[in-house]
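Have a look at the structure below before the remarks.
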Amino acid sequence: MNQRIAVLALALLIPSGPTRADPFASEWALSAKSQARLIADGRGQAGFQIELAAGAITYWRDPGDAGVPPTFDFSRSVNVASAEVEFPAPKRIEESDGSEAFGYDRGVVFPIRVKAADPAKPVTLALDANYAVCEKICLPARAVASLGLPKGAATPWAAEIDAARAQVPVAEDAAALGVEITAQEGRNWRLCLPAAPGAPRNLFVEPPAGWWLTAKADGSAEGRDCFALTLRDAPKDAAFPAEVRATITGGEGAVETELKLAPNS
């Protein structure tokens, strides 16, 4: 009799099904060297949070010399007209094989701008995400998560999503930034812009599909920060001018602008 009572008492202590301690965050999706989840800011917006093991990295939308950019599928969501993932400014990360990655270490929060199909009805954001985690080797990771997005409720994750959104580059006009591009011999250019206080600047360039364009710091002179751009490869039918998205980090904050590159005639 005492044994039956003990068994019953133990059963009452064991949850009957999975529970979520935090109503403003989904369960962690666990992968080798990482874990990921959705978090809510209480204003109907969200973030995709990745935490990485020590020494591991994950990638920006342009992964650099190698790697895989993350992909996001929100097709299972309920009452969502659109969900736009924003990318905080990346770092240049030297990898063990000498290559250079563009991405994040320790972890990252990708802010998600969510628009409800019907603002009067509840929103459930459902995400299927694929990303890569690299340390000595690269491993694929997948996160399947779902979360209701409340409005008007304070959440512990609002500040974290806001901080990540503050790291997203701001769109600026190249002329307003003072960008000057000078064509060099061959398929090379020198890009300069006025120096600014703050962290050292870095330049990331995203050319059209099929093109391979690299950028590296090229010194500072006369109050300007300069970078050398080199076109490494392009499709046989490539036509100039090439429209390039440029992300400039450091200075007083990350900015994003559009460039047009044409060779020296």
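The values are calculated or read from the model by the stated rules, or taken from the named source; none is laboratory data. Predicted, not measured: the structure shown is a model, and the values here were computed from it. So basically every Cβ, Gly included, is an ideal-geometry build from the backbone, and we count neighbours across all protein chains shown. Keep in mind that these areas ignore ligands, DNA and RNA; they rest on the heavy atoms of the full protein, side chains included. Shrake-Rupley method; radii C 1.70, N 1.55, O 1.52, S 1.80 Å.
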**Prompt:** Checking V133 against (1) crowded, with 17+ Cβ neighbours inside 10 Å; (2) assigned to a loop (DSSP other than H, G, I, E, B), which test does it fail?
**Reply:** (2)
**Asked** Which of (1) part of a helix (DSSP H, G or I); (2) touching a Phe, Trp or Tyr at 6+ places or on another chain (Cβ under 7 Å); (3) hydrophobic (A, V, I, L, M, F, W, C) does L203 not meet, given it meets every other one?
**Response** (1)
**Selection count where residues are surrounded by fewer than 17 Cβ atoms within 10 Å (Cβ to Cβ), part of a loop (DSSP other than H, G, I, E, B) and touching a Leu at 6+ places or on another chain (Cβ under 9 Å), scope the stretch 166-183** = 1
**Message:** Given the options R113, R20, name the one that is at pLDDT 95 or above and out of contact with any Phe, Trp or Tyr (no Cβ under 8 Å at 6 or more places or on another chain).
**Reply:** R113
**Complete:** With criteria (1) more than 21 Å from W60 (Cα to Cα); (2) out of contact with any Phe, Trp or Tyr (no Cβ under 9 Å at 6 or more places or on another chain), T257 comes up short on (1)
**Criterion violated by G198 - all others in (1) surrounded by fewer than 17 Cβ atoms within 10 Å (Cβ to Cβ); (2) over 25 Å from D65 (Cβ atoms); (3) under 16 Å from the mean Cα position of the chain (by Cα) satisfied** = (3)
**Request:** Would you mind stating whether G186 is in contact with a strand residue (DSSP E or B) (Cβ under 9 Å, 6 or more places away or on another chain), at positive phi and open to solvent by 60 Å² or more (accessible area, probe 1.4 Å)?
**Result:** no
**Asked** Out of the residues in the stretch 74-107 that are closer than 18 Å to S26 by Cβ, small (G, A, S) and outside any strand (DSSP E or B), which is most open to solvent (accessible area, probe 1.4 Å)?
**Response** S75
**Complete set of residues in the stretch 215-238 that are more than 15 Å from G186 (Cα to Cα), loosely packed, with under 12 Cβ neighbours inside 10 Å and not basic (K, R)** = G219, A221, E222, G223, P235, D237
**Prompt:** Before we move on, is R142 of a type outside the set (A, V, I, L, M, F, W, C), more than 27 Å from G253 (Cβ to Cβ), surrounded by fewer than 15 Cβ atoms within 10 Å (Cβ to Cβ) and in contact with an Asp or Glu (Cβ under 8 Å, 6 or more places away or on another chain)?
**Reply:** yes
**Request:** Sort out which residues of the stretch 235-265 are in contact (Cβ under 8 Å) with a residue 40 or more places away in the chain, of a type in the set (A, V, I, L, M) and assigned to a loop (DSSP other than H, G, I, E, B), and write them in order of number.
**Result:** A254, A262
**Prompt:** Is there any pair linking a residue in the stretch 71-83 that is in contact (Cβ under 8 Å) with a residue 24 or more places away in the chain to one that is among the aliphatic types (A, V, I, L, M) and surrounded by fewer than 14 Cβ atoms within 10 Å (Cβ to Cβ), with Cβ under 8 Å and at least six apart or on different chains, and which?
**Reply:** N79/A117; V80/A117; A81/A117
**Message:** Among the listed residues F74, F87, F110, F102, identify the single one that is farther than 16 Å from A145 by Cβ, aromatic (F, W, Y) and touching an Asp or Glu at 6+ places or on another chain (Cβ under 9 Å).
**Reply:** F102
**Prompt:** Residues in the stretch 31-44 that are assigned to a loop (DSSP other than H, G, I, E, B) and either open to solvent by 20 Å² or more (accessible area, probe 1.4 Å) or among the acidic types (D, E) (or both): how many?
**Reply:** 3
**Item:** Scan of the stretch 45-73 for residues that are in a loop (DSSP other than H, G, I, E, B) and either farther than 20 Å from Q167 by Cα or open to solvent by 50 Å² or more (accessible area, probe 1.4 Å) (or both), ordered by number
**Value:** A53, A54, G55, A56, D65, A66, G67, V68
**Request:** Could you look through the stretch 145-154, keep only residues that are at pLDDT 95 or above and farther than 21 Å from V68 by Cα, and pick out the one that is surrounded by the most Cβ atoms within 10 Å (Cβ to Cβ)?
**Result:** L149
